[in-house]
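The values are calculated or read from the model by the stated rules, or taken from the named source; none is laboratory data. This structure is a prediction, so every number in the text was calculated from the model and none was measured. In this analysis, Cβ positions are derived from the backbone assuming ideal geometry, glycine residues included, and neighbour counts consider all displayed protein chains.
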Amino acid sequence: MATPHDNQPRRALLLTGASRGIGHATVKRFSAAGWRVITCSRHAFPENCPWEMGPEDHIQLDLADPASTLAAIDEIKERLDNGHLHALVNNAAISPKADAGKRLTSIGTTLDVWRHVFQVNFFAPIMLARGLLDELKAAQGAVVNVTSIAGSRVHPFAGAAYATSKAALASLTREMASDFGPLGIRVNAIAPGEIDTAILSPGTEDIVAHQIPLHRLGTPDEVAKIIYVLCTETSSYVNGAEIHINGGQHV
């Protein structure tokens, strides 16, 4: 027996930074729910990623290169069924370190590094959202920008360029919510704290012990669950929000 959804296009997610951590968990969460997942990364498709159509729906691009990003937008448009994009999750980000893994301060960060970080962490998300505006509008889709706890307080490990780029992305989320909302597109952000991924810095255990009321790290899947909710009807009246996922570290 046919259902009302049989003639509708399969829901499609575009996710940047999918090869590890939060991105990898997000792909698995959406794929398990039946979504088509298109991934973008500067790396080739990782062989250990199990989702359906993974290699075929992976686009290798350098978000630090505006020309590469624009070219990828054209390729994404060609891949979308009936011109519908139901969700865009801007997860990719870079956080350069100084020698010996130390944080780069506002004094020690070169202008080239500032530009590089902002291109990936701030400009690429708005380039993708604007470039795919018609496809998001057609699907009445959602955008989720991944910010950070470092965007609202000085963090012992996150560098100045990373932190300010995430603060700018949080502000951009509000602007986008105002501008995209009348088109039926919701735009929200999530701000993860200390999440158990491969990029944790030495000393994180002190933060867990003394700054996080839950006294544990978050898991990538706990973040992915909230991203999924923000892209579905469960959050149909949530727009312009930044959801803190940090075990209470911000209180």
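Looking at H86, H58, just one residue is surrounded by 13 or more Cβ atoms within 10 Å (Cβ to Cβ), modelled with pLDDT under 95 and under 30 Å from L183 (Cβ atoms), and that residue is H58. Across the stretch 210-251, the number of residues qualifying as within 27 Å of P96 (Cβ to Cβ), without any contact (Cβ under 8 Å) to a residue 40 or more places away in the chain and over 15 Å from the mean Cα position of the chain (by Cα) comes to 5. The set of residues in the stretch 193-232 being modelled with pLDDT of 90 or more and touching a Leu at 6+ places or on another chain (Cβ under 8 Å) consists of C231 alone.
G23 meets the conditions (1) modelled with pLDDT of 95 or more; (2) not in a loop (DSSP other than H, G, I, E, B) in every case but one. The failed one is (1).
For I107, the test of being among the β-branched types (V, I, T), modelled with pLDDT of 90 or more, surrounded by fewer than 22 Cβ atoms within 10 Å (Cβ to Cβ) and under 15 Å from the mean Cα position of the chain (by Cα) is failed.
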